[in-house]
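To start, the structure itself, in C-alpha cells.
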Amino acid sequence: MKWFMRIFACGYGAVAVLFATAAVWLLGAAAWQILGAMRGTLGAAFTSSIVIIESMGLLAVSLVALEIAQTIVEEQVIRRAHVSAPTRARRYLSRFLVVLIVAMTIEMLVVVFKALHTDPADLRFAAWIGFATAALLMAWGVFIRLNRSAEEIEPDAMEEAKREDEKLKP
C-alpha cells in the first residue's frame, strides 16, 4: 500500500510542478508587459498604465498558482496529510482561500481601474467580482464556524496537525 501512496505523492508533485511552471510563465508575461510599457513613449502613457494594470492581474493569478503549488507540496507530498479530518480540512482550505480572496480582490481593483480609464460600463464586472469575493469570504466564515464544533469532537486532531507542522520546520 505504501508504494501506492508514493504514486499519489508523485502525482501531487507533478501537479505542483505544473502549477509552479504556470506561475513562472505568468510572472514572465507580466514582467514582459511591464518592460514593454516602460519602453513606451510619453504619448502612450495612458496605454502604458492600462498595460501595467493588466499585468497586476497576471501577477495576482501567478500568486494564486504559486500558493496552490506550495500548499500541494506541503500538505500532500511532505506531510502526506489526509484532508478528511476537520482540523486538516479547515487548515487546508484556509490556506487556499486566503490567497484566492486576496487575488480576487486585486483582480477586482484591476478591473475597476481599467474600467475607469476605458469604459465605465465595465464597472459591473468589477462589482460581480466583488460580490463573488464577499460571498466566498462569508461562506469561508460559515465553514470555519461550523468546522470548529466538529473539531471539538476530535481534540487530538489539532495536536496531530501540529506534529505534522514539525515536518516543515528547517
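The values are calculated or read from the model by the stated rules, or taken from the named source; none is laboratory data. These figures come from a predicted structure and were not determined experimentally. Counting neighbours? That spans all protein chains shown, and the Cβs are built from the backbone with ideal geometry, glycine included.
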Exercise for review: Restrict the check to segment 79-93 and report whether at least one residue is surrounded by fewer than 17 Cβ atoms within 10 Å (Cβ to Cβ), at pLDDT below 85, touching a Leu at 6+ places or on another chain (Cβ under 9 Å) and not in a helix (DSSP H, G or I).
Suggested key: yes
Study note, to complete from the structure: Per the list (1) over 27 Å from Q76 (Cα atoms); (2) at pLDDT below 70; (3) hydrophobic (A, V, I, L, M, F, W, C), residue check on A150 breaks on (1)
Check your understanding: Would segment 115-123 turn up any residue that is under 27 Å from E75 (Cα atoms) and either hydrophobic (A, V, I, L, M, F, W, C) or at pLDDT below 80 (or both)?
Key -> no
Review point. Would you call E67 assigned to a helix (DSSP H, G or I), of a type in the set (D, E, K, R) and at pLDDT 85 or above?
Key: yes
Review point. Here are some conditions: (1) free of Cβ contacts under 8 Å to residues at least 24 places away in the same chain; (2) surrounded by 13 or more Cβ atoms within 10 Å (Cβ to Cβ); (3) farther than 29 Å from V15 by Cα. H117 meets all but one. Which one does it not meet?
Key: (1)
